[in-house]
Amino acid sequence: MNNSSSKLGRGLTSLLSSNTSNSPDRTFKLINISLIFANSHQPRKNFGKDELQDLAASIKSKGILQPIVVRKKNEDSYEIIVGERRWRAAQIAGLHEIPALVKEMNNEEVIQAALIENIQRANLNPVEEARAYQNILTNNNVNYENLSEVIGKSRSHISNMIRLLELDKKILDYIEEGKISMGHARALIGVPNALNLAEEIINKKLSVREIERNTSKFKKNKSKKYSKDPNILDLEKELSEKIGLKTSIHFNDQGASGSITLYYSNLDQLDDIMKRLKK
């Protein structure tokens, strides 16, 4: 594991530890809740109302059992690193102060910590998880192998999750809303009429097996038509894992020259690619 991934793993362990040693960055303090702000890099975007209400009721009854983790933004405000759900529930519960650990962390460490905490606690929906993986692979010196070791997920799992982002935004919305399952979504990847099929899944309540049967013929024909040399596929995989984006390598008829295509699913990813090229 390289230095970046080692730092990533150690950072999360340190953040989530409940050890209250005399180390300065492990000292709990009560902070006025109005001085604390959400982390703009938080990968989790959806917080269920019922879930927050249940947690708020628990906080009213038992208090906050584990402090949140924050960093100081300026003299009068703090940004959440870990614990946004507790912070939101504490506001619902009517708390004016919340216990917190104040840590010194840079932006990269904050992004990594928020991501890994959510993944390890299974707090993310599939689309949030996929975007979080892609974010950390694109914006940090971390590859698939490093990330796999740190979060305890296989490289194939990470790769399959990121492939979800190839789907139409409307389909991604359906996944986040729970209208179609991960099994349905996987079957739709690479299918030209995927959005129409997604709407059929919802309207006709099609099973995963039914949609797989519907798409299997197309995928088989596509596989035969566009079959590539295994060595090229290995190169594509290696390059994709290195840069955190889907890639495709094409040779001309003579095989002496060709092209490499990078696929991005939103403008943020395009900006990231341009920043890398300018370095």
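No lab work stands behind these numbers, since they all come straight from the coordinates. Keep in mind that this is a model prediction, so the values were computed, not measured. Please note: Cβ atoms are built from the backbone with ideal geometry, for glycine as well, and neighbour counts cover all protein chains shown.
How do K153, K246 rank when sorted from fewest to most other Cβ atoms within 10 Å of their own Cβ?
Ascending Cβ contact count within 10 Å gives the list K153, K246.
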If r is the Cβ-Cβ distance from N107 to L235 and R0 is 25 Å, what FRET efficiency results, to the nearest 0.05? 0.15
Pairwise label distance in nanometres, D54 with N196, each label 7 Å out on the Cα-Cβ vector: 4.1 nm
Say each of R213 and S248 gets a label point 7 Å from the Cα, pointing the same way as Cα to Cβ; how far apart are those two points in nm? 3.0 nm
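Would you kindly work out the equivalent ellipsoid of the range 230-278 from its C-alpha gyration tensor and give its semi-axes, the square roots of five times the eigenvalues, largest first in whole Å?
One finds semi-axes of 23, 12, 9 Å for the range 230-278.
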What ranking do L65, L197, L137 get, fewest neighbouring Cβ atoms within 10 angstrom at the top? L65, L197, L137
Can you give me the long-range amide H partners of F37? Hydrogens built in the peptide plane at 1.01 Å from N, cutoff under 5 Å, separation of 5 or more residues or another chain. Y78, E79, I80
Once the convex hull of the alpha carbons of the range 117-206 is built, what does its volume come to per residue, in cubic angstrom? 95 Å³
Order of K275, K62 from fewest to most other C-beta atoms within 10 Å? K62, K275
In this structure, the FRET efficiency calculated for F28 and E145 from their beta-carbon separation, with R0 = 35 Å, to the nearest 0.05, is 0.45
